[in-house]
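Please read the structure below before turning to the comments.
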Amino acid sequence: MSADGLFVIGATHHRAPLEVREKLSLSKEGAAALRAELAEIAALREFALLSTCNRIEFYGVGAEAGAAAQVAAAFCARQNFPTVEFEKIRLSLRGREAVQHLLEVAAGLDSQLVGETQIFGQVKDAYAAAQANGSTGPVLNRVFQKGFQAAKNVRTNTAITEGQVSVANVAVDLALTIFGGLSDARILLLGAGDVGEKTAKAFQSRGAGSLTVASRRFERAMELATALGGSAMPFEQRETRLAEFDIVVCATSAPSTVVAAPAVAAAMKRRPARPLFFIDQALPRDVEPAAAELENVYLYNLDDLAKIADQNRAAREAELIKGRAIIAEKAEALWRHVAPQVEALAAGALADSVRREEPA
C-alpha cells in the first residue's frame, strides 16, 4: 500500500444536483449510525465525515486499497442509493490531491458560493465530531489542523470573501428586486437554526420590519423571536397562515417537504395581487417544487441562489487564483509531512496481516 492510503470520497454540488444531494443527505441520527458502521471497517484506520447542504465527504486513511470502496458501500447501503449511480457522481481523490481538496474546502474555494465563510465552521464541526468519536489519528489530526491554518491564511491574504458571497445576502437582494423595499414586508422564518437566523438578521439589517418565527420546537421559536424582536407562531399553522406573509425563509431539518404546493395555491387565492417569495435553504427541500409553477410565486432553492451569486464570481477570480496558489503551496508541504505516516500505517497493517497468517 502506498501513501495514497489517504483518501476523500463523496459527492458535491459540482456533479450532484440538488435532487440527488437530497437523497444522500444525512440526519444527525443517520450520521451517528454511519460513523458506528465505519468504525467496524478494519482496513479504515482513521476517518472523518463532512456533511453539508452542498457536499457529503468522507476523509479517511486506509490500510488497504479497498478501504475507500468499503466506506462508499456502507454509505450507499444506509442511504438506499445504488452504488452504480454513486459511481457516476462520486468525488474520489487520494494522497496529495485529497490534502489539497480539504484545504480548498476549508478556505471556501470549493464552495458553491466561492469565498463563503460558513464552510470553515462546518469543517471544524466535522473534525470535532470525528475527534469525539475517536476516529481521527496522527494523519487526519495533522491534515485538519493545518487545513484550518491554511484557510485563515487565504482569508487574511486575499479578498476572496468580498462581495455578496452568502445565500442570505443574495436572498435579500432578490427580495429587494421583487418588492422594491422591505419595510412593509412580512417575513416568516420556518426553522430556528443557525442558517435561518443568519438570513433573518440579513433581512433585518436591510430594513425588514415584521418577523415571525415558527419551529417544530415552539420554545426555540419563542427564544429566537425574542432575540430578534419578532413573534413566534406554532409550526402547525405554517400552511394555513401563509397568506399573511410576503417572504418565507425555509431552513428546517425536516426529512421531507413542510410546505405543499396546494397550500401555497390556497394562500395565493387570498393574496392574488401580492407576490409570495420563498427562500428554501433546506436539504432536503422544505417547499414542494411544484409551488414554483404558481402565478406570482417566486421559489428559490440552494442551487438557484448559488447560480445568482456566481455572477459576482468574476470580480473575485483573481483572488480565487491567488487563494489556490496559497493552498497548493501549503498542501505540498503538508503532504510531504504526512505521507510517511500514511505509509507507516499501511506497512504496520501489512505486518500485522503477515503475522496473523504465519503458522503457530
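Just so it is clear, none of the values below were taken in a lab; they were calculated from the coordinates. This is a predicted model, so every value here is computed, not measured. Please note: Cβ atoms are built from the backbone with ideal geometry, for glycine as well, and neighbour counts cover all protein chains shown.
Side notes on the structure shown:
- Using θ = phi - 60° in the Karplus curve 6.51 cos²θ - 1.76 cosθ + 1.60, the 3J(HN,Hα) couplings for region 129-134 round to 5, 5, 4, 4, 7, x Hz; x is entered for Gly and Pro.
- The chain, relative contact order [Cα under 8 Å, separation at least 6], %: 19 percent
- Cα long-axis angle, helix 67-79 against the chain (0 to 90 degrees, to the nearest 10): 30 degrees
- Positive-pole candidate from PHE235, THR117, ALA346, dipole of the chain, charges at beta carbon: THR117
- Pairs of lysines in the chain whose Cα atoms sit within less than 14 Å of one another amount to 6, provided the residues are eight or more positions apart or on different chains.
- Environment charge at ALA333 (Cβ cut-off 12 Å; Lys +1, Arg +1, Asp -1, Glu -1): +3
- Computed over neighbours whose Cβ is under 11 Å from that of LEU24, the net charge equals +1, Lys and Arg +1, Asp and Glu -1.
- Relative contact order for region 167-311, counting Cα pairs under 8 Å that sit 6 or more residues apart, in percent: 23 percent
- Options (i) 16.2; (ii) 18.7; (iii) 19.6 - which one matches mean projected area of the Cα convex hull in nm² as calculated here: (iii)
- Taking amide H as placed 1.01 Å from N in the peptide plane, GLY62 has its amide H under 5 Å from the amide H of LEU6, PHE7, ARG45, each at least 5 places away in sequence or on another chain.
- The Kirkwood hydrodynamic radius of region 167-311, based on inverse pair distances between different Cα atoms, is 14.8 Å.
- Efficiency of FRET from Cβ geometry, LEU294 and ALA65, R₀ 45 Å, rounded to 0.05: 0.30
- Summarising the amide proton neighbourhood of LEU211: residues at separation of 5 or more, or on other chains, whose placed amide H is nearer than 5 Å comprise ILE187, SER231.
- Fewest-first sequence of THR257, THR136 by Cβ atoms within 10 Å of each Cβ: THR257, THR136
- Beta bridges per DSSP, both residues in the chain: antiparallel share near 45 percent.
- ³J(HN,Hα) computed for each position of region 54-66 - Karplus, 6.51 cos²θ - 1.76 cosθ + 1.60, integer Hz, glycine/proline x: 10, 7, 10, 9, 10, 9, x, 10, x, 8, 9, 4, x
- Our coupling estimate for region 139-145, obtained by passing each phi through the Karplus curve with A = 6.51, B = -1.76, C = 1.60 and θ = phi - 60°, is 6, 5, 4, 5, 5, 5, 4 Hz, Gly and Pro reported as x.
- By average C-beta atoms within 10 angstrom, highest first, the peptides 269-275, 339-345: 339-345, 269-275
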